[in-house]
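Data first, discussion second: the structure below is written as structure tokens.
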Amino acid sequence: MNIGSSISKAWQLTLRHKVLWFFGLFATGFNTEIWEIGSGIINFIPQAASRAQLPLELPTGLQQAWIEPVYAQSILPTGDLVQKTPVVITVTVIIALVVVYLRLVSQIALFDAVAKANTRKKIVFKKQVSLANQLVIKYLGLTLYLALWALLPTAVIFLVIGILVIFGLPQWLLVILSILTLATWVLYVLGLGVVTRFATRAVVLNNVSIISSLSYAFALIHKNPADTFLLWVSATGLSLAYYFVLSMVGMIGLISILAAALILAPLSVLIALLFGLILALIYSWGSTFISSLWTLAYFELNKTTK
């Protein structure tokens, strides 16, 4: 497999077919990850300053508008919030289900859309969504099945470490065994990630059963170990680079928002909206590009396997 050719083709498809960006926006969990990045940056500074009682030189207006509400939110819930807990839980569950649905449907639609783009077939948004809805149950089943593969070994790992602690082994030996155990777990999770990339595409692109999709994945890895490793290294490096760009833009946006807040509050809102749009575009493009790379590589490895 020519990994350079796959990267180049994924880049071209991503730039040429803007409809893929919509699916890419939700396919890797934009709803949760961007919110966590943004809220984490915005909330960390005032919370840390307030709890550590550090002198944070900000105008009184900005102090009241930003630090005090954030710090208040970090305190235990009030009685009124406790009474509304059932409503909050219900709304949270509904939102979580919608996010999961959007993520699964977007992943399925993106896989198939990239396959169509690769063969120069027309991509119709409604047809992609319709196909995704047809496969979403089976895709969800595979996702849950793979989640069990990840959770069960994790439980075993912590059980082993717990047993080692109970037996009262020497501290140095306990540390060594724990490191070896955790290292094995990390390698397992990384390998499972590659299996997941291939198995999910097999379910969508080959329309096979859950068990057959895993057979497809293992066959690709077994017959193309070097290419698979090179693909993983390349995709991981590209992902880190794009997340670095994303974080830098986010930090620039945060600094711009704070600077604007010192001058004119409404201006900070406009800047926040602008950088929010920029972050969404970068995230959408990046996730589409990485997903396209894995999909194109899946086709290339299938050719060599056959």
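No lab work stands behind these numbers, since they all come straight from the coordinates. Note that the structure is a prediction, hence the values are computed from the model and not measured.
Between the stretch 146-215 and the stretch 223-293, the C-alpha centres lie 29 angstrom from each other.
Within the same chain, lysines fewer than 8 places from K223 are excluded, and of the rest, those with a Cα less than 30 Å from its Cα are K9, K116, K121, K138, K303, K306. Between T184 and K18, residue separation times 0.36 nm minus the direct Cα-Cα distance comes to 55.7 nm.
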